[in-house]
1. Which ³J(HN,Hα) values, rounded to whole Hz and listed in residue order, are derived for segment 50-66 from phi using the Karplus coefficients 6.51, -1.76 and 1.60 in 6.51 cos²θ - 1.76 cosθ + 1.60 with θ = phi - 60°, glycine and proline given as x?
2. Quick query: amide H of S129 versus all other amide H atoms, modeled in the peptide plane; which residues come in under 5 Å with a sequence gap of 5 or more or a different chain?
3. For the chain, find the longest principal axis of its Cα atoms and tell me its angle to the long axis of helix 26-36, 0 to 90°, nearest 10.
4. So if each residue of separation counts as 0.36 nm, and I subtract the Cα-Cα distance between E143 and T59, what length gain in nm does that give?
5. Quote the FRET efficiency, to the nearest 0.05, computed for V19 versus S89 with a Förster distance R0 of 35 Å and r equal to the Cβ-Cβ distance.
6. Run the helix sum for the chain: -39,500 (n - 2.57) per DSSP H stretch of 4+ residues, divided by residue count, reported at 222 nm to the nearest 500 deg cm²/dmol.
7. Angle, helix 105-118 long axis vs. longest principal axis of the chain, Cα atoms, 0 to 90°, nearest 10?
8. Taking H as built 1.01 Å from N, whose amide H comes closer than 5 Å to the amide H of G91, not counting residues under 5 places away?
Amino acid sequence: MDIEIEELPDLRVGAVRHVGPYDRIPQAFGRLGAIAGPAGLFQRPGAAMIAIYHDDPDTTPSDKLRSDAAIVVPENVLLPEELVEGRISAGRYARAVHVGPYDQLADAWARFKAEVSSAGGHRTRPGASYEIYRNDPTKVPKEELRTELYVPIA
């Protein structure tokens, strides 16, 4: 897995909160689409679908895991009241790209986190990890789906 280190800006998001196992976040993405689509958020410059993971699944019980199904939204755009405004902090992040089906993401995250810890002496820092979906699963074969993985590092 190729890992890059990047300095990233603060991101503003409109989100639907999910509490429970991370692999059940697609339900929150369904709600997000039903809200963001009619509001025209997908047509905004810089719009990107993003999943934000607030807790470590190795230390948090699965029924208590907090995550957000979100869309990146410019500062000057009014959010629909059904979405919660959130932020992903600026800073240093390790990044890797997973190409393939979403059901392989849990394994990709495990490999990614292990490699970040062992390679280059990087330490994770407090903050949310997230993934950005770079193509549309309704238009691209699942083997070609591109998902960028980000973890905050010190």
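What follows draws every value from the coordinates through simple rules; no lab data is involved. Quantities reported herein were computed from a predicted structural model and do not represent experimental measurements. Here the Cβ positions follow ideal geometry from the backbone for every residue, glycine too, while neighbour counts run over all protein chains shown.
1. 8, 10, 10, 10, 8, 10, 8, x, 7, 10, 10, x, 4, 6, 10, 5, 10
2. Close amide H contacts, sequence-distant or interchain: Y53.
3. The helix 26-36 is inclined about 40 degrees to the chain.
4. The span from E143 to T59 would gain 27.2 nm if fully extended.
5. 0.95
6. Helix contribution divided over all residues of the chain: -5000 deg cm²/dmol.
7. The answer is roughly 40 degrees.
8. HN-HN under 5 Å from G91: L8.
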